[in-house]
Every structure is written in C-alpha cells, then in structure tokens.
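A quick write-up on the structure given underneath.
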Amino acid sequence: MDDNYQTYLNRVAKLAMPENYKTQVQHIQSSPKFKPLPRGGREAVPFAGYTVIAPPAAEDNQNIEFYQRLNSFQNQLIELTPNNLIVPVPPGSLHVTLADLIWESAYNYAQEKVENFDVQLHNAISKIFEQYQQSKTLATPIEWQVLAIIVMPRAIGVSLVPKTESAYNQILNLRRAIYQSPDLTALGLEQHYHFTPHITLGYFGEVAPDLERDRLSNTISELNQQLSEFPEFKISQAELRKFDNMTRYYREANWSVLSF
C-alpha cells in the first residue's frame, strides 16, 4: 500500500501548494476526539489503542532543538488562528507515528474477544523488532526534514520528507514487517493508511459557521515560509506505545524498542 520514494515525494509536495490549502480548509471538521467543556475549551475523550512511534518530544534527547522550534511554531499557529479552532497537542506528546496498530472500537472489541490480547500484541511486536534488527543492514542515518504544514479533515500538523531514499525505505521495511506479520494479522490488525509521516500539532475544535476559510488558508500559506530552516529530525528508535486518548503516549520499561 505504501508509496515508493519518488511517488511519496510527488504526493506530499502537492500538499504544500497554496491551492491545496484553499481546498482542504473547506472540509475541516471538529474532531470527535475532544469534547467541549461547559466553561469553554475542550478536553480529550477516551480513545484507546496502540501505536509504533518515534519517542515523543518529552523523551527524545536527539531532537531537543527540533522540538523546541516546533513548539514555538505550534504556539504561533494557535495565536494566528481563530480562538478555540485548534486544540493543541501537549508539547511533550508531539511525535512521529511510524505505524498505526489498533484503536478505539477495534481495540475495545479485541480486548473483549481475544484472550490476553495485550500480551499477544506485545509479544508479536517484540518478535518483529527482533527479526528486523537481525536482518537490517547498516545504512545512512534516518534523517528527515520538515516540508510543510499538512491540513487534514480533523487535525493540522507538519509533514516530513526523508533526506535520502535509504532513510525512507528503512521505515517502509519496518512497516511491511509489521503489517505482513502473521501474528498481528491473526489478532485482527491491518494497514489502513498510506504512510504520510507527520507530526500532529493540534486537532480542530470549534469550527464556527462563519469561519473565514480563505483567510485561514492564507495564514497557513504564510506560516509555511518559516519551515524551510527547521533543524533535521533524526529517527533512532521505534517504540511500542499505548494511548488512552490523544494527549499522552506511554510505555512500560520492558516494552519493545527497536534501535536503528
């Protein structure tokens, strides 16, 4: 399902075009992952599952400068858009998803119907990481760079592009190992999305009927100009993480980690 390197570059380049933003902002919707509070603002609702991610900002010692810059950019995005339009992801939870696994109703169903589902999932990921570690060949560092703001129907973030084809393929090979694993397939896990590496900065909250969408798309296009000088983003680990909602991604000390 995932694109090859050149197809991916062509696809994400189109996401950064001003005319694309004008189209995308016409379709934004309030995210159901957050609910309004009586006194204003929004809070995360239960939305549980598992994912494979690079370490979140609060635990990533290799990308400290990158995340500091990204947090400042996130704050600027919030300030320049209408009040309550964007519910920001906590700065310490900013991260790159490498492979979605299972979430919400599918996870709740699996927990109910599959005996020791969590244990089986942990064991399967541990096996995949171990086999990948043994089979992979050494390559150049996995370095990525920010391309542009990415507008999704219910969220907004920044997209990333690999600096080399090797950096891209290392992650693609890991994704194939995960999604083609018979152990995970037996647990009901499957691939749902093309790989579009990004960091979600926030989810759409209050999308007012009178939202000035053309003005919003212009603001996004202008902010894009600041992303060209961002530091590189290095991926050195892939980790199994659990989440109970969209604000925190956690792991126990004995959970699987893959080092690149």
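Observations on the structure shown:
- Report summary: the helix-based calculation at 222 nm, which adds -39500 (n - 2.57) for every DSSP H run with n ≥ 4 and divides by the residues of the chain, gives -11500 deg cm²/dmol.
- Average projection area in nm² (convex hull over Cα atoms of region 140-238, one quarter of hull surface): 8.6 nm²
- In terms of its alpha-carbon gyration tensor, region 1-105 comes out rounded; the largest-to-smallest axis ratio a/c stays below the 1.5 threshold.
- Among the trypsin sites (Lys or Arg not before Pro) within region 1-96, those in coil by DSSP and having at most 11 neighbouring Cβ atoms inside 10 Å are Arg39.
- Separation between Cα centres of region 182-260 and region 111-137, rounded to whole Å: 22 Å
- Glu79-Ala48 FRET efficiency (beta carbon distance; Förster radius 41 Å; 0.05 resolution): 0.80
- Bridgeable aspartates and glutamates around Lys113 (alpha carbons under 20 Å apart, same-chain partners fewer than 8 residues away excluded): Glu104, Asp183, Glu190, Asp244.
- Shown here for region 103-156: trypsin sites (Lys or Arg not before Pro) in loop regions (DSSP other than H, G, I, E, B) with at most 12 other Cβ atoms within 10 Å, of which there are none.
- Hydrodynamic radius of region 59-208 per Kirkwood, over alpha carbon pairs, in Å: 17.7 Å
- Annotation for Lys35 and Val114: the two label points, set 7 Å from Cα along the Cα-Cβ direction, are 2.8 nm apart.
- Average Cα contact separation per residue, the chain, under 8 Å, 6 or more apart, as relative contact order %: 34 percent
- Of the residues Gly41, Gly157, Gly202, the one that moves most in a GNM of the chain with alpha-carbon contacts below 10 Å is Gly41.
- 10 Å Cβ shell holding at most 15 others, DSSP loop, GluC sites (Glu not before Pro): longest site-free stretch of the chain: 1-114
- Per-selection Rg to Rh, the chain - Cα, Kirkwood hydrodynamic radius: 0.96
- Among the chymotrypsin sites (Phe, Trp or Tyr not before Pro) in region 184-226, those placed in a DSSP loop whose Cβ has at most 15 other Cβ atoms within 10 Å are Tyr193.
- Partners of Lys127 within straight-line reach, counting lysines whose Cα lies under 21 Å from its Cα and excluding those fewer than 8 residues away in the same chain: Lys136, Lys242.
Laboratory data are not the source of any read-out in this text; all were calculated from the coordinates shown. None of these values were measured; they are calculated from a predicted model. FYI the Cβ positions are ideal-geometry reconstructions off the backbone, even for glycines, and counts take in every protein chain you see.
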